[in-house]
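Following: one structure in structure tokens, then a few remarks.
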Ligand code: GLN
């Protein structure tokens, strides 16, 4: 039962082959049995799951239908869930029970999805290895000595290990696509503004975007359908109709123009990954796509710009965690300053503290123009590169990451080494564009992802290209040994 995709579950539930309650019990038991090896969950919500599953079964019995009605999922632990711990992977929020549901959580619940739990993540979504979580590192089911990627590493590891078919995640600089690549999943970062950020604990507000992590593009379409849409509670949410993503999965790739940026294949890219990307290009050519070399000349400036903008926004967003209103408060503060200092010093881990320091510095008087403003100008150049490229091509294709998943602890002493691994993903966040990662093969038994980028609001195009590719390849069907 645990091998089923969301689409297969939807068919099984519609055909009354099993009930949502039966499936939910099977998956909860599987999580209890297998997750101690992975640490992919921070909280299990068994009682809520069973209640939602029974309600979904009752709705079906009353004639209701829907791809998510009775479908088991989990939420990254930065989506607020009413009355349930919403930790953001931090000691700071270990005692925080959200007073309301995030829009994404409420929408999926209304569609009948069943919440099995809250997944582990890098603290405040800062990281690419899921090692900065206060709840401990998450392990990659493909090799338990390796990281699953981050910051949505818990969602990725759980779905890859077949503990559940799909999960929500968020992507500020790659945190949906990179863990998807590291664990052999399909993950989609939507256009900025497509999915509401209301109730999604902020890391860097101008870059954060929620999206689906699943095994197939078909399943990402189903989950995105339930997440996307205008929300008047989010001032950056965009009031555009949500297309039927599953309906866009049948389009031919004949004549599709795929741009391959020459900058993507420079030094730093593992040559074995480069070869797998070339194979995926050949596969898409067989399906009728036309390949064109393009250039994204400002790509080299993206990492430094991102690692100014994201910490700057983070330092501002995280100022609300002051020991007064939310989360951790130190014992016996002597005065207000002592309360702030010790609550924040004890509540935030080292990576979060580093980013707050960097961000506060970059925004400080006298340095603002030199760092923050400069970074914003680079951001515009990165966006302009994409706009020029999309005048010539329909999709941009390349590797999701320069290397496969590294060993746990391998980059802990050198944060910049980890930042450099984000080179292919962060440009989409700087520009606000949608991006998808899908399985493209293995290197030393570790999964490799190919990334597709599209113009604004062309999520359907990304999902269709990935779906056509998945109809003709079987990388996405591989299951990690032991799961
Ligand atoms: N690795 C990037 C960072 O640490 C991206 C994280 C994310 O997308 N949340 O900022």
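In table form, for the structure just shown:
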{"read-out": "Fully extended contour minus Cα-Cα distance, from residue 18 to residue 346, at 0.36 nm per residue", "value": "113.3 nm"}
{"read-out": "Cα coordinate range in the chain, projected on the principal axes (Å, largest first)", "value": "64, 53, 44"}
{"read-out": "Relative contact order [Cα under 8 Å, 6+ residues apart], the chain, whole percent", "value": "18"}
{"read-out": "Peptides 279-289, 349-359 ordered by average Cβ neighbours within 10 Å, highest first", "value": "349-359, 279-289"}
{"read-out": "Ordering of 5-13, 453-461, 435-443 by packing [mean C-beta count within 10 Å, highest first]", "value": "435-443, 453-461, 5-13"}
{"read-out": "Span from the region 429-461 Cα centroid across to the region 177-245 one, whole angstrom", "value": "13"}
{"read-out": "Computed label-point distance, nm, for sites residue 262 and residue 32 using a 7 Å Cα→Cβ extension", "value": "6.0"}
{"read-out": "Calculated FRET value between residue 407 and residue 58, using beta carbons and R₀ = 41 Å, to 0.05", "value": "0.30"}
{"read-out": "Between region 310-383 and region 403-423, the alpha-carbon center distance in angstrom", "value": "23"}
{"read-out": "Region 77-121: radius of gyration over Cα atoms, expressed as a fraction of 2.2 N^0.38 Å", "value": "1.11"}
{"read-out": "Förster radius 60 Å - calculated FRET efficiency between residue 354 and residue 251 (Cβ-Cβ, nearest 0.05)", "value": "0.85"}
{"read-out": "Share, in percent, of DSSP beta bridges within region 1-129 that are antiparallel, nearest 5", "value": "55"}
{"read-out": "Rough spin-label spacing in nm, given labels placed 7 Å along Cα→Cβ, for residue 337 and residue 236", "value": "3.4"}
{"read-out": "Of all DSSP beta bridges in the chain, antiparallel share, percent nearest 5", "value": "70"}
{"read-out": "Ordering of 393-404, 97-108, 321-332, 51-62 by burial proxy (mean other Cβ atoms within 10 Å per residue, highest first)", "value": "393-404, 97-108, 51-62, 321-332"}
{"read-out": "Cα-based radius of gyration of region 6-88 once divided by 2.2 N^0.38 Å, which approximates compact folds", "value": "1.16"}
{"read-out": "Between region 2-69 and region 142-171, the alpha-carbon center distance in angstrom", "value": "18"}
{"read-out": "R0 of 45 Å, Cβ-Cβ distance residue 474-residue 380: FRET efficiency to nearest 0.05", "value": "0.65"}
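Every number in this text was worked out from the coordinates using simple rules, so none of it is lab data. These numbers come from a predicted model, not from an experiment. Note that each Cβ is placed from the backbone with ideal geometry, even for glycine, and that neighbours are counted across all protein chains shown.
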